[in-house]
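Everything below concerns the one structure shown next.
The values are calculated or read from the model by the stated rules, or taken from the named source; none is laboratory data. Note that this is a predicted model, so its numbers are computed, not measured. Cβ: placed from backbone, ideal geometry, glycine included. Neighbour counts: every protein chain shown. Only protein heavy atoms, including side chains, enter the accessible area calculation; ligands, DNA and RNA are left aside. Shrake-Rupley method; radii C 1.70, N 1.55, O 1.52, S 1.80 Å.
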Amino acid sequence: MKLINYLFFIFFSINAFACDIEGHFDFNVSNSEEILYQGCYDAVNLGPHIIEYILTKERAEATGINRPSASFTQNRDSGVLQQLLKENGYSLPHHRDYTNSGFDRGHMAPNADFNDTYENALKTFFIANIWPQTPNINRVEWLKTENETRRLASQYQLLKVIIIVDEFTNEKVGDINIPSCFKRRVYDLYSGDLIYEIDIYQRLLLGEDE
């Protein structure tokens, strides 16, 4: 029964996603066998409006894969989103746009949730998967929510993770608007119940988020 439920939720959770907001575009990042994560890219604010993915107990507990030493590129999805944006008069940021900004390149779908293989972890280094985060948010507060999500995956076996970013400060990193809030929603994939919900707020001025 659990296998049937798993396949049911995988099909509907991964394939039913659609983003219908003006200036927002669907994308997904896959390996040769599955969609790893998908999202709705906000081409106005220049980052992911929504990221969602399935987190399994096996991936949450995987060890032995080092964090890739890699730049965030525009083509971890084989360039599909980049081409779609170009056709609609938009573009993706670059890794270098964050350099010396004082902000971290904050993963929304974290590499540690996909480090069952190096190739899967590398797929998270996609410029459409990040937002500017202060070091304290990225390395402390947001990391706590990621660790709690992995703990829950060990307990519940299969989770659906949704990250939402739809509130912004008045500041920018280059042309990228800086979020004021990062929202995490985690669901038990078998029951559909919301089991973890948290909003992490980021202050307007760098260094004031502590």
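For the range 122-150, what are the residues that are assigned to a helix (DSSP H, G or I), of a type in the set (Val, Ile, Thr) and farther than 20 Å from residue 65 by Cβ?
Initial filter on the range 122-150 (assigned to a helix (DSSP H, G or I)): 122-123, 127-129, 135-150.
This time we only want the ones that are of a type in the set (Val, Ile, Thr), so: 127, 137, 140, 145, 149.
Selection gives 127, 137, 140, 145.
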**Message:** Under 7 Å between Cβ atoms, which residue pairs at least 6 apart in sequence (or on different chains) link something in the range 89-117 that is at positive phi with a partner that is open to solvent by 30 Å² or more (accessible area, probe 1.4 Å)?
**Reply:** 102/206
**Fill in**
Quick count over the range 41-81, residues being buried (at least 20 other Cβ atoms within 10 Å of the Cβ) and closer than 19 Å to residue 177 by Cα, is 11
**Request:** Those residues that are closer than 21 Å to residue 197 by Cβ and either part of a strand (DSSP E or B) or among the aromatic types (Phe, Trp, Tyr) (or both), I need them from the range 162-180; list them, please.
**Result:** 162, 163, 164, 168, 179
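With modelled with pLDDT under 95 and more than 21 Å from residue 59 (Cα to Cα) as the only criterion, which of 177, 170 stands out? Lay out the reasoning, then the answer.
On the way: 177 fails: modelled with pLDDT under 95.
Answer to the check: 170.
Give the residue, chosen from 70, 62, 153, 109, that is part of a loop (DSSP other than H, G, I, E, B) and within 22 Å of residue 192 (Cα to Cα). Explain how you work it out, then say what you get.
On the way: 70 fails: within 22 Å of residue 192 (Cα to Cα); 62 fails: within 22 Å of residue 192 (Cα to Cα); 153 fails: part of a loop (DSSP other than H, G, I, E, B).
109 is the lone residue from the list that is part of a loop (DSSP other than H, G, I, E, B) and within 22 Å of residue 192 (Cα to Cα).
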**Asked** Has the range 155-169 got any residue that is polar (S, T, N, Q) and crowded, with 19+ Cβ neighbours inside 10 Å?
**Response** no
**Request:** Would you please list the contacts, defined by Cβ atoms under 9 Å and residues six or more apart or on different chains, that run from a residue in the range 139-157 that is touching a residue at least 24 places away in the same chain (Cβ under 8 Å) and at positive phi to a residue that is not acidic (Asp, Glu) and not in a helix (DSSP H, G or I)?
**Result:** 157/56; 157/189; 157/190
**Request:** Go through the range 34-59 and give me each residue that's under 16 Å from residue 146 (Cα atoms) and either of a type in the set (Phe, Trp, Tyr) or in a loop (DSSP other than H, G, I, E, B) (or both).
**Result:** 37, 53
